[in-house]
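Visitor: Pasting a structure here, questions to come.
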Amino acid sequence: MVTNGSCTAEASSAITVTVNSASVGGTAVATQDTICAGQSSTLSLSGSTGTAYQWQSSASLNGTYTDISGATSATYNTPALTSTSYYRCLVTNGSCTAEASSAITVTVNSASVGGTAIAIPDTICVGQSSTISLTGSTGTAYQWQSSTSLNGTYTDISGATSATYNTPALSETSYYRCLITNGYCALQASSAVTVTVNTSPTADISGVTAICIGNNTELTASGGGSYLWSTGEDSTHITVGPDSTTTYFITVTNAAGCTATDSAVVTVNTSSAASITPAGDSVCIGNSTTLTASGGSSYLWNTGASTAAITVSPVLSTIYRVTVTNSYGCTYVTDAIVTVNTVPIISKELVTDCTDSYQATLTSSEAITYHWNTDATTQSINVSEQGSYTVTVTDINGCSATSEPVVVLR
């Protein structure tokens, strides 16, 4: 109100003083705060107060932020990014001092790179395994897959989510690859690797595996290209003659370098302790005796007989030999002598006395008892009469025999 002297007071025009709320930067948020190289994100604000916006960027979270030309809206679409970037927004409400929002990090992951799958070894034998790894890949998550053909369908291997994969023991050629994901980037498949599985040889040993002690046998290996015996020999055939039951091993290697083993037990059988009963016997000439062999399952005498017992009537002392074979085919040779007691022999001696008469002395071969046809019972007799003389003797074995007659002439 304005008054001039005693004049009536007059009011001035009214004026409005506008009071704006203070600027509030708020919180910067991103639709995707982790992206892959070449992708972009949309930034916006939460909890801000203002009417004017200026987005800024920096190379580090706490570094210097610079204005982004033209980025003056409440939201900001980043360009395609190749590296992790940091953003904030200066918010001004009217004539109030600008306030910065919180900074937001847009993490940029390198794109997933499958790389090359490699297997060590890439050629194995049946029953072996291989370790598969990656080279030239980029990623943090892995899923190994397998297939029965190089260009066939690959399926996930349960639990195979590490950068390397150890295959199980394989029985056939197999194919593997890995799906790799780096952060939120799209997964990429590695190249496929082939693990070639070569068949193993079939080792076998043939030959006679039961022998008699002192004999040899030949063992023959088959199934491969090269051979190595537990004896150190490297041929297909070996000749062995162990003193006791022994196991022999063979390692067979084929052209692919795969191996297989086999074994053979050579059983050593002992010969039977064969015998002849009686081992020695004596018979009177013209009599017989029975010899019995034992200790085997078959018998062959030097007489040609093939029975365990034989009856013989030798005219001279004779050695009888038998070959005894047991159930293992092992043989043992033994013999027995049969002594034949001979017929007595009379020797004579002619004596001439001083009367020019003749006298003969007859002497029998040695025995136990003597009986001449003259009834004399001595070993020697003197005879002066011509005639035929015989002697019957009994030897120590109880054999009795009569000599051929001896004729005495005057």
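The values are calculated or read from the model by the stated rules, or taken from the named source; none is laboratory data. On a predicted model such as this, the values are computed, not experimentally measured, just so you know. Please note: Cβ atoms are built from the backbone with ideal geometry, for glycine as well, and neighbour counts cover all protein chains shown.
Visitor: With (1) touching a Gly at 6+ places or on another chain (Cβ under 9 Å); (2) of a type in the set (A, V, I, L, M); (3) closer than 30 Å to ALA186 by Cβ as the list, and ALA71 as the residue in question, which single condition is left unmet?
Guide: (1)
Visitor: Sticking with this structure for a sec: Do any strands (runs of 3 or more DSSP E) entirely within the range 1-111 hold 2 or more residues that are buried (at least 16 other Cβ atoms within 10 Å of the Cβ) and in contact (Cβ under 8 Å) with a residue 60 or more places away in the chain, and if so, which?
Guide: Qualifying strands (runs of 3 or more DSSP E): 27-30, 34-36, 85-92, 104-109.
Visitor: Can you tell me which residue in the range 254-282 is surrounded by the most Cβ atoms within 10 Å (Cβ to Cβ), limited to those that are more than 54 Å from the chain's Cα centre (by Cα) and without any contact (Cβ under 8 Å) to a residue 60 or more places away in the chain?
Guide: Checked the range 254-282; the qualifying residue surrounded by the most Cβ atoms within 10 Å (Cβ to Cβ) is ASP281.
Visitor: Looking at the range 260-300, which of its residues are part of a strand (DSSP E or B) and small (Gly, Ala, Ser)?
Guide: Across the range 260-300, the qualifying residues are ALA260, SER263, ALA264, SER275, GLY280, SER282, ALA293, SER294, SER298.
Visitor: Checking the conditions here, which among LEU45, LEU81, LEU90 is within 30 Å of LEU187 (Cα to Cα), among the aliphatic types (A, V, I, L, M) and modelled with pLDDT of 90 or more?
Guide: Just a single option satisfies the conditions, and that option is LEU81.
Visitor: Restricting the range 170-185 to residues that are without any contact (Cβ under 8 Å) to a residue 40 or more places away in the chain and buried (at least 18 other Cβ atoms within 10 Å of the Cβ), which is farthest from ALA256 (Cα to Cα)?
Guide: Ranking the qualifying residues of the range 170-185, first place goes to TYR175.
Visitor: How many residues are within 19 Å of THR342 (Cβ to Cβ) and in a loop (DSSP other than H, G, I, E, B) when one looks only at the range 382-410?
Guide: Residues meeting the conditions: 9.
Visitor: Please tell me if VAL407 is buried (at least 17 other Cβ atoms within 10 Å of the Cβ) and of a type in the set (A, V, I, L, M, F, W, C).
Guide: Against the criterion (buried (at least 17 other Cβ atoms within 10 Å of the Cβ) and of a type in the set (A, V, I, L, M, F, W, C)), VAL407 does not qualify.
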